[in-house]
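Visitor: Input: one structure, supplied below.
The values are calculated or read from the model by the stated rules, or taken from the named source; none is laboratory data. Small disclaimer: the values here were computed from a predicted structure and weren't measured. Positions of Cβ are generated from backbone atoms using ideal geometry, with glycine treated the same way; all protein chains shown enter the neighbour counts. Just the protein is used for accessible areas: all its heavy atoms, side chains included, with ligands, DNA and RNA removed. Shrake-Rupley method; radii C 1.70, N 1.55, O 1.52, S 1.80 Å.
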Amino acid sequence: MLARNLLKALLMYSVVMILIVLIVFFPRKLDVMLVDGVMQFGYSFSWGQYYENLKQFTTYVIENKSLGVVNGWLTVEETLKVFLPQSLKVIIAAFFISIFVGLYKGIFDYKQSSRRTNFLGNGTTFIIQAIPDFFLIILMILTIITFFPFIPIFSQGEWYSFIIPAIIVSIYPTLYIARITSTQVSNEEGMQYIQVAKSKGLTNRMVLYRHMLRNCYGTILSHCSTVMLLIISNLLMVEYLLGYKGAAYRLFEALSHSTVITVGQRHNFEGELIIGICFCFLVLVLISRIISELASNYLDPRRNESI
Amino acid sequence: MIKEKSFIIGASMFLFLIVVMIAGPYMPFVDKEIKEETLRMEDGFSRAPFPPSLSGPFEPFGTDMLGRDLFSMIVLGTTETIFLVLFITMIRYVIAIPLALASIKQKGPFYWILTSWNNVFSAIPTIFSAIILMNLPFFIFSEHRAIIVIVILALIEVGRVGYIIQQEGYLVSNELYVQAGITVGNRPRHLYLNYYLPALLPSICTNFFMDLGRVLLLIGQLGLFSIFIEQSWIQLSAGAGEIQNMSYNWASILGETRTTIRKAPWITFFPALAITFTILCFYFIGEGLRAHFTRKQRA
């Protein structure tokens, strides 16, 4: 069952990758003409051009064992070597922050839920979860600019400069995990094994951490792939707004979404690089998917009982 | 009557939005026509953007880089934003519901389409697929760009929405009363209309409001990357021109964020606040409906 699921996931991500390649090599040549000083645009789609683009790419990959050349001198792999580590640092840090802080926030929420201070636990999680992620990011950046101007969020020279982006990126996924943890733990409430454990004289703390949480880890960690997706989409915004030179930033540059168009302008659309970066991100999502599948298969201590 | 607290909060927030939509343009401090004013000459020269001020020129939200009053822009943009979101979500559901109903038995070509649609688009972040698809060349200069973009944004998440409805429908199809309905000899059409749909309607309603929030979130994110829904081409000189945003919908005001966030944070803050308010409103309504329906089911 596990092998089948993993194979299915692998197949699906390959299909997504192929779709991205197909979209990227769509003919993009725009004809800009000046007719009596007025710019006119012509775009004509031809299957021949499309086929030519795809053929060129595949032959290049097969012959040179490389995805292509960016800006005329660096290969895609070399460019990735510069930009990807910057993003990887942020992604991995954010991933661990979201899982661990999320777990503790979830447990905190659960503990508050029976008290009067419930608004501090589930209340804050509910409200912050409902606020759009970009607003949270903007608020974080604005707070740092106004109240902590000594924190260098726009610079990237030091080894520790990945920490602030990682924290900003991880706010939203953290609360996601917190919400899942607190609902999962409260679902366990009232189960017989808890009464048994309590009747043996274990403390509440022991019951919570040793018994209840162990039953929840599988379900909580099965959301890893969603957390990774949240992290990557937040990373795109954080790197763009902070000017943090990582893979997501480079991806947006490679898309060359520009609002200004001039006659004779060279289009800087770097298709090969987009494919490279998308591939790396997809691999990350795939890894998190594997973690999720493994977690839901092997972490639940009751997994053998139902058979 | 729905008495959930969060529904009442959400509904009153929505009522406020409707009041702004209808009465907004007639309010005395809202400019009916947005004026550009890049330079002001009061005690020396000052250049736009102007910070928020309550006296002098009444500009509680400040102005943007062109000196346009943000408050008026946001008030005038309410109608457009809400209708845009409604329109996208409605297209999404109009496609997703029939697809989900057709694949309720978890087999057949429709089920295959639905699951692969869901799988493909849930493999990469939504914002990601939206950016890549909206950057296709024939959409940028198409005459019907706005319509095409709306359809793309609606289609991206059809798989997810359809899959949720389908999963719930599958559970319903195993219920005894549905089996009874089949045994009695109902026609498929009758079965869908009188057995499946009424059972699915509560969750469709709840998810619809949740989705309104998600769509607005997506549009906001796109706006942040200065990818607009309605845009037009302005030629600035003999051989150069610029794609400009032609509407006052809130997401498009966010387009300048990256360059202005350090210098004039209010340009970003207030449209984002308006978007957040609306998303919270939809979220509260959705949560309220969910709580209401679960309580009704238990009773």
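Visitor: Once the whole set of protein chains is in place, how much accessible area is left on A:Leu88, using a 1.4 Å probe, in Å² to the nearest 10?
Guide: Estimated to the nearest 10 Å², A:Leu88 gives 60 Å².
Visitor: Continuing with this model, one more query. Between A:Thr183 and A:Leu6, take the C-beta separation as r, use R0 = 22 Å, and let me know the FRET efficiency to the nearest 0.05.
Guide: On the way: r = 27 Å, r/R0 = 1.23.
The formula returns an efficiency of 0.25 here.
Visitor: If you wrap a convex hull around the C-alpha atoms of region B:76-124 and split its volume per residue, what is the figure in Å³? Kindly include the intermediate steps, with their values, before the conclusion.
Guide: Details: hull volume 3.4 nm³, N = 49.
Spread over its residues, the Cα hull of region B:76-124 gives 70 Å³ apiece.
Visitor: In debye to the nearest 20, how big a dipole does chain A give about its Cα centre with +1 on each Lys and Arg Cβ and -1 on each Asp and Glu Cβ? Numbers along the way, then the final one.
Guide: Details: 24 positive and 18 negative charges, 282 e Å.
Its charge dipole is roughly 1360 debye.
Visitor: Considering every residue in A:133-141, what mean count of other chain Cβ atoms within 10 Å of its Cβ is obtained?
Guide: Partner Cβ neighbours, averaged per residue: 6.
Visitor: Quick one: buried accessible area between A and B, total over both chains, 1.4 angstrom probe, nearest 100 Å²?
Guide: It comes to approximately 4800 Å² buried between A and B.
Visitor: Given 0.36 nm per residue, what is the gain on full extension from B:Trp112 to B:Thr294 after removing their alpha carbon distance, in nm? Display every interim value, and only then the final one.
Guide: Working: separation 182, 0.36 × 182 = 65.52 nm, distance 3.04 nm.
Gain in length upon complete extension: 62.5 nm.
Visitor: Related question: Can you give the FRET efficiency for B:Arg258 and A:Phe26, using 1/(1 + (r/R0)^6), R0 = 22 Å, r = Cβ-Cβ distance, to the nearest 0.05?
Guide: Once rounded, the FRET efficiency stands at 0.25.
Visitor: Counting heavy atoms of the protein chains only and a 1.4 Å probe, report the per residue accessible area for region A:4-154 as a whole number of Å². Kindly include the intermediate steps, with their values, before the conclusion.
Guide: Values: 8830 Å² over 151 residues.
I get 58 Å² per residue for region A:4-154.
Visitor: Taking 0.36 nm per residue of sequence separation and subtracting the Cα-Cα distance, how much length would be gained by fully extending the chain between A:Tyr104 and A:Ser14, in nm to one decimal? Don't jump to the answer; show the numbers that get you there.
Guide: Details: separation 90, 0.36 × 90 = 32.40 nm, distance 3.57 nm.
Extra length available between A:Tyr104 and A:Ser14 comes to 28.8 nm.
Visitor: Any lysines with Cα under 29 Å of the B:Lys105 Cα? List them, leaving off those in the same chain fewer than 8 positions away.
Guide: A:Lys8, B:Lys296
Visitor: Here's something else I'd like to know. Give the average, rounded to an integer, of partner chain Cβ atoms located within 10 angstrom of each Cβ in A:234-243. Walk me through the numbers before you get to the answer.
Guide: Values: counts 3, 1, 7, 5, 0, 0, 4, 6, 2, 1.
Per residue, the number of nearby Cβ atoms from other chains is 3 on average.
Visitor: Order B:Ile285, A:Ile287 by their accessible area, 1.4 angstrom probe, all chains in place, largest first.
Guide: A:Ile287, B:Ile285
Visitor: Quick one: if you stick a label point 7 Å off each Cα along the C-beta vector at A:Tyr298 and B:Glu175, how many nm between them?
Guide: According to this spin-label approximation, the distance is 4.1 nm.
Visitor: Inside 10 Å of the C-beta atoms of B:283-295, what's the mean count of C-beta atoms belonging to other chains?
Guide: 1
Visitor: Per-residue accessible area for A:Met1 at 1.4 Å probe radius, Å² rounded to 10?
Guide: Per-residue accessible area (A:Met1): approximately 150 Å².
Visitor: Give, in nm to one decimal, the length gained when the segment between B:Val184 and B:Gln167 is fully stretched (0.36 nm per residue of separation minus the Cα-Cα distance).
Guide: Full-extension gain reported as 3.7 nm.
Visitor: Run the 1.4 Å probe and let me know the accessible area of A:Arg210, rounded to the nearest 10 Å².
Guide: The value for A:Arg210 is about 150 Å².
Visitor: For B:Leu136 and A:Val82, FRET efficiency with R0 = 25 Å and r from the beta-carbon atoms, rounded to 0.05?
Guide: The formula returns an efficiency of 0.35 here.
Visitor: If you don't mind, another one. Near A:Lys198, which lysines are there with a Cα under 26 Å away, not counting those fewer than 8 places off in the same chain?
Guide: Qualifying lysines at Cα under 26 Å: A:Lys105, A:Lys111.
Visitor: Probe radius 1.4 Å, ligands and nucleic acids ignored: give me the carbon and sulfur share of the accessible area of region B:157-230 as a rounded percent.
Guide: In region B:157-230, the share of accessible area belonging to carbon and sulfur is 62 percent.
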